[in-house]
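The structure appears below as structure tokens.
The values are calculated or read from the model by the stated rules, or taken from the named source; none is laboratory data. Every value quoted in this text rests on a predicted model; they were computed, and no experiment measured them. Don't worry about glycine lacking a Cβ; one is built from the backbone with ideal geometry, like all the others, and counts go over all protein chains shown. Side chains included, ligands, DNA and RNA excluded: accessible areas come from the protein's heavy atoms. Shrake-Rupley method; radii C 1.70, N 1.55, O 1.52, S 1.80 Å.
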Amino acid sequence: VGQRVACAGAGYAVHAEMVSVPHNLVVGLPDKVDYESGAFTTLGAIALHGLRLANAQIGETVAVIGLGVVGILTVQLAKAAGCRVLGMDPDASRRATAKSIGCQATATTDAEFREMIAEWTEGLGADVVIIAADTSSNEPVALAGETARDRATVVGVGAVGLDIPRRDYYEKELDFMVSRSY
């Protein structure tokens, strides 16, 4: 009672005066972490899990499609892990935020994203593509396949269409994973 904690879990971590959450979905907040920062624990864990599934390595190019909160956290984590990070989002303020925290370049449209990835990777494609977008469209999955290098890893962190276009994924022998959250 009285311990400062962050918690997660659909159906458990709800906005209420009192909640009952399984112990494996609760973590104590260190004294130096304020509640506002602690509120990002779950979203940060989602971003980190996506990056871990991708097995991104130091020096690799990580492309992030969707620069909302989870996408921005993914950019920060990939940058901290020593990766070169490129991003895409139609929203100008999200792109500006991504650049301000270390994203090397950003794109607005699919065409700009393809061009940017080709330029930054000398035509090879991204080593890792993290899809942090939230859309029922299949376009992010198709774009990830087009811009990934041969045998790259694509991780779907956001809620997107999952009709995987066979040609790009087959010809490049891409690994596609859906993150189940954190």
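Just a few scattered comments:
- Against the list (1) open to solvent by less than 60 Å² (accessible area, probe 1.4 Å); (2) out of contact with any strand residue (DSSP E or B) (no Cβ under 8 Å at 6 or more places or on another chain); (3) in a helix (DSSP H, G or I), the condition SER37 fails is (1).
- Options ALA45, ALA16, ALA10; residue that is under 19 Å from GLY158 (Cα atoms) and loosely packed, with under 12 Cβ neighbours inside 10 Å: ALA10
- Residue list for the stretch 60-77, filter: touching a residue at least 40 places away in the same chain (Cβ under 8 Å) and either under 12 Å from the mean Cα position of the chain (by Cα) or part of a loop (DSSP other than H, G, I, E, B) (or both): GLU60, VAL62, ALA63, VAL64, ILE65, GLY66, LEU67, GLY68, VAL70, GLY71, THR74
- Within the stretch 119-160, considering residues that are closer than 14 Å to GLY68 by Cβ and of a type outside the set (A, V, I, L, M, F, W, C), the one most open to solvent (accessible area, probe 1.4 Å): ASP134
- Selection within the stretch 127-182 - at positive phi and either outside any loop (DSSP other than H, G, I, E, B) or out of contact with any strand residue (DSSP E or B) (no Cβ under 8 Å at 6 or more places or on another chain) (or both): ARG151, SER181
- Residues considered: ALA111, ALA105. Of these, the only one that is surrounded by fewer than 17 Cβ atoms within 10 Å (Cβ to Cβ) and either basic (Lys, Arg) or free of Cβ contacts under 8 Å to residues at least 24 places away in the same chain (or both) is ALA111.
- Given (1) outside any loop (DSSP other than H, G, I, E, B); (2) more than 23 Å from GLY28 (Cα to Cα); (3) not aromatic (Phe, Trp, Tyr), number of the condition ILE46 does not satisfy: (2)
- In the stretch 1-44, of all residues being touching a helix residue (DSSP H, G or I) at 6+ places or on another chain (Cβ under 9 Å) and small (Gly, Ala, Ser), the one that is modelled with the lowest pLDDT corresponds to ALA13.
- In the stretch 86-105, residue nearest to THR74 (Cα to Cα) [restricted to those that are of a type in the set (A, V, I, L, M) and part of a helix (DSSP H, G or I)]: ALA98
- Residues located in the stretch 56-102, provided they are under 13 Å from ALA126 (Cα atoms), out of contact with any Lys or Arg (no Cβ under 9 Å at 6 or more places or on another chain) and open to solvent by 30 Å² or more (accessible area, probe 1.4 Å): GLN57, ARG84
- Here LEU29 meets the list (1) open to solvent by less than 60 Å² (accessible area, probe 1.4 Å); (2) within 18 Å of the chain's Cα centre (by Cα) almost entirely, failing just condition (2).
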